Amino acid sequence: MGKSLTSRKEDYSKWYNELVVKADLAENSAVRGCMTIKPYGFAIWEKMQAELDKKFKETGHENAYFPLFVPKSLFEAEEKNAEGFAKECAVVTHYRLQNDPDRPGKLRVDPEAKLDEELVVRPTSEALIWNTFKGWIESYRDLPLKINQWANVVRWEMRTRLFLRTTEFLWQEGHTAHATKKEAIEEAELINSLYADFAENYLAIPVVQGLKSESERFAGAVETYCIEAMMQDGKALQAGTSHFLGENFAKAFDVKFTSDQGKQEYVWATSWGVSTRLMGALVMTHSDDNGLVLPPNLAPIQVVIVPIFKNEEQLQLISEKANAIADALKTKGIRVKFDNRTTHKPGWKFAEYELKGIPLRIAIGPKDLEKGSVELARRDTLSKTFENQEGIEDLVENLLKEIQQELFNKAKTFRDDHITEVDSFEDFKETLENKGGFISAHWDGTTVTEEKIKDITKATIRCIPLESSKESGKCVLTGNFSSQRVLFAKAY
């Protein structure tokens with residue numbers, strides 16, 4: 001099954017599209033630009049959700065839910081936000097259908113059912129949520145207010161790709177209100193660090209934490225923090241963002257609180273989110289020409305046991321041992337599946353689980369019963385060893401931890417090898433064309449220069465790294481003064 005994939009070297013984009021479909025993650029739907037997430041893909045997303053949700057609650061956030069529709073008057077209240085998303089908005093203008101008198105059996109929009117005010121299908125929820133927060137916040141005792149919601153959003157897209165860019169996608173969006181600027185900035189930084197920790201220790205994806213340039217900021221934000229990842233084709237992918245919104249939305253929706261000094265003050269705000277785009281990042285960071293490669297922390301099934309048998313009697317004997325091994329693994333908290341289907345041959349199952357990225361596969365046949373052994377296959381390295389059945393649960397537990405760490409190390413080595421410092425624009429273009437990856441270069445801080453570089457090379461400033469040291473230099477394009485290097489790359 002996996003062998004039928006287009007290779008990454010031959011056509012990376014085609015490889016990705018084929019893999020997402022053949023590994024049963026998602027498929028295009030009847031709705032143009034939208035996707036159907038299949039059960040296996042959704043199981044992976046649920047693992048992401050569960051881990052993130054736990055982290056949010058541990059840091060004092062609560063879940064709520066807000067409507068899908070935003071009245072146009074509310075949406076346009078914060079002008080920069082409205083302007084930034086205007087071209088991507090889907091809009092509801094009517095509230096009823098009727099039978100079409102010119103086409104029997106068909107329907108049309110009832111021309112008499114026009115809404116008094118258009119409803120925007122949420123591309124993001126700041127407008128509606130801040131209008132709601134106005135009724136929730138009265139004094140400093142109501143702060144901080146830290147709310148998260150798991151939802152779907154719609155951003156009209158002309159060119160779509162499963163998980164990476166679809167008209168409708170799933171995400172979480174956090175929205176918080178604070179009494180001081182300092183608290184709000186600390187919140188935005190906390191969440192960005194939380195996202196980085198999640199990406200690196202759960203998804204095994206190394207990321208760079210940084211700030212977005214002014215032109216790349218979230219519409220309506222004062223600062224946008226981000227985590228940027230590097231895919232195997234040398235393109236960057238924005239994996240998460242956290243925004244310090246200042247008082248912009250509080251002023252737009254008149255959200256004030258009475259301070260402990262008895263004064264009326266505007267609250268300070270943040271918003272932040274990650275989406276099903278992380279599924280695309282996961283595929284492109286670790287997978288190979290044989291199919292998915294899943295980090296054990298994330299895999300819905302960490303170990304699959306496949307029996308090899310010729311008759312019912314052999315299957316029964318193998319099943320007794322396989323079930324005992326499965327039970328021992330479960331006592332370690334390991335997610336295990338015993339595939340005793342008789343409708344598919346072992347070779348077919350091996351190919352299926354390789355394609356779907358199951359971290360470890362245990363095969364047991366009649367000879368293994370005699371020897372007290374099993375065949376243990378690693379998905380990440382495609383290596384196979386024979387191991388004793390006795391104590392296999394301890395070996396597997398340690399091996400899953402090893403695989404998780406080695407996947408991260410491999411991705412980090414690749415990422416680090418694809419960060420290139422350049423000091424001339426000729427080297428910039430040559431590196432971008434022949435090597436790809438992140439280009440660390442000086443920039444004079446102007447939007448004009450940023451746009452010129454983008455027009456010439458298609459590369460954008462992915463982030464201004466938080467951990468980079470200040471280093472005076474000359475802008476790679478203009479030669480003007482620059483206070484530090486930033487990371488450029490072509491991006492998804």
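The values are calculated or read from the model by the stated rules, or taken from the named source; none is laboratory data. None of these values were measured; they are calculated from a predicted model. In this analysis, Cβ positions are derived from the backbone assuming ideal geometry, glycine residues included, and neighbour counts consider all displayed protein chains. In case anyone asks, the SASA skips ligands and DNA or RNA and just uses the protein heavy atoms, side chains included. Shrake-Rupley method; radii C 1.70, N 1.55, O 1.52, S 1.80 Å.
Bridge orientation summary for the stretch 353-492: considering DSSP beta bridges with both residues in this region, about 85 percent are antiparallel. With all projection directions averaged, the alpha carbon convex hull of the stretch 302-389 covers 5.4 nm².
Here, the stretch 298-349 has an Rg and a Dmax of 11.6, 36 Å when only alpha carbons are counted.
Legend: Rg and Dmax of the stretch 95-151, from Cα coordinates, 19.9, 61 Å.
Got a number for carbon plus sulfur as a percent of the stretch 180-275's accessible area, 1.4 Å probe? Ligands and nucleic acids excluded, carbon and sulfur reach 41 percent. Sorted into 5 angstrom bins from 0, the C-alpha pair distances of the stretch 249-301 split as 4, 14, 14, 13, 7, 6, 6, 7, 10, 10, 6, 2, 1, 0 percent. The residue list Ala179, Met158, Leu190 was ranked by how far each Cα lies along the charge dipole of the stretch 153-193 toward its positive end, using unit charges on Cβ atoms, and Met158 comes out on top. Where in the chain are the DSSP H helices whose C-alpha atoms run 18 Å or more along the long axis and whose mean Kyte hydropathy is at least -0.5? Long hydrophobic helices here: 312-331.
Rounded to the nearest 20, the size of the Cβ-charge dipole of the chain about its Cα centre is 1060 debye, with Lys and Arg at +1 and Asp and Glu at -1. Size of the stretch 106-206: Rg and Dmax of its alpha carbons, in Å, are 18.8, 58. Computed over protein heavy atoms with a 1.4 Å probe, the accessible surface of the stretch 138-281 works out to 35 Å² per residue. Are there GluC sites (Glu not before Pro) in the stretch 431-483 that DSSP marks as loop and that have at most 12 other Cβ atoms within 10 Å, and which are they? Hits after loop and neighbour filter: Glu467, Glu471. In this structure, the residue pairs whose Cα-Cα separation is over 24 Å, taken from Lys47/Lys212; Lys321/Lys345; Lys80/Lys256, are Lys47/Lys212. Residues in the stretch 338-492 average 51 Å² of solvent-accessible surface per residue, probe 1.4 Å, ligands and nucleic acids excluded. Quick one: work out the % antiparallel among DSSP beta bridges in the chain, nearest 5. Approximately 85 percent, going by the DSSP bridge assignments.
Tell me, what is a quarter of the convex hull surface for the C-alpha atoms of the stretch 205-357, in nm² with one decimal?
Here the figure is 15.2 nm², rounded to one decimal.
For the stretch 1-98, applying the loop criterion from DSSP together with a ceiling of 14 other beta carbons within 10 Å to the GluC sites (Glu not before Pro) yields Glu10. Using a probe radius of 1.4 angstrom, the carbon and sulfur fraction of the accessible surface of the stretch 43-177 is 49%. Nonpolar atom fraction for the stretch 302-378, defined as the carbon and sulfur part of the 1.4 Å probe accessible area, stands at 49 percent.
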